[in-house]
């Protein structure tokens, strides 16, 4: 299996621009998670989906952030407008099961720099 | 809610020496426990997990961890480290009777000296 696929791997954008991060989970996995990692705050869960349905978005920092999962093989995290404080590494992870805290498999991440 | 503490921010070990990374959790019942490793510029890779049964669990890359209920700990061990083990290590806990979320520790950075 190819594992979790994220694109782009690096993104540099200017403040105010829209940024879209993409994720393809492992085939057959039923849960998908978006995380943000920074030196200051560590690894933060932003939102997660079960069977394409958003379950918990309490970690989304503000309305500038939105996430969608239109089907079982694709999810996006959008930031509009972007700000320098959004600079971080964004990870997508998928898990084979729902109904409990099972192991998650992480993608390689997208390093976002907002200037 | 569950929580996890990794008391050591940074550990330095000589190549070939043994390693133990500490992880303490807080949860009212036996949780689900995980160790992940993150190499520079990479995502997190699952090393091992504990759900139930034998309290000593074996993982990939020669790592093992022992669940100790009395100490609320799940320490990661390796008998002999290799230079390639230099990375950041994260302990994570999930609520056995909860949802799909994992709570991650702040990580321990491992440096290997020749």
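A short reminder: the numbers here are calculations on the coordinates, not readings from a lab. In this text the structure is predicted, and so the values were computed from the model without any measurement. Here the Cβ is made from the backbone with ideal geometry for all residues, glycine too, and neighbour counts use every protein chain on show.
Fully extending the segment from residue B:55 to residue B:97 would add 13.2 nm, taking 0.36 nm per residue of separation and subtracting the current Cα-Cα distance.
Please find the FRET efficiency linking residue A:44 to residue B:20, where r is the Cβ-Cβ separation and R0 is fixed at 25 Å, and quote it to the nearest 0.05. Can you show the working numbers first?
Numbers: r = 27 Å, r/R0 = 1.10.
With a Förster radius of 25 Å, E is 0.35.
Note on residue B:106 and residue A:53: the model spin-label points, each 7 Å out from Cα along the C-beta direction, lie 3.8 nm apart. Ranked by the mean number of other Cβ atoms within 10 Å per residue, highest first, peptides B:40-49, A:26-35 order as A:26-35, B:40-49. Other protein chain C-beta atoms within 10 Å of residue C-beta, averaged over A:102-109: 6.
Return the Rg/Rh ratio of chain B with Cα-based radii and a Kirkwood Rh.
0.96
Taking one quarter of the surface of the C-alpha convex hull of the protein assembly as shown gives a mean projected area of 12.6 nm². Once the convex hull of all Cα atoms in the stretch A:21-65 is built, its volume per residue stands at 91 Å³. Spatial offset of the stretch B:37-114 relative to the stretch A:30-101 amounts to 23 Å, using the alpha carbon center of each. Relative contact order for chain B: 38 percent, from Cα pairs under 8 Å spaced at least 6 residues apart, divided by residue count. Averaging 1/r over every pair of different alpha carbons in chain A and inverting the result gives a Kirkwood radius of 14.0 Å. Contact order for the stretch A:1-95, expressed relative to its length and based on alpha carbon pairs under 8 Å spaced 6+ residues apart, stands at 37 percent.
Calculate the mean, over all residues of peptide B:47-56, of how many other protein chain Cβ atoms lie within 10 angstrom of the residue's Cβ.
1
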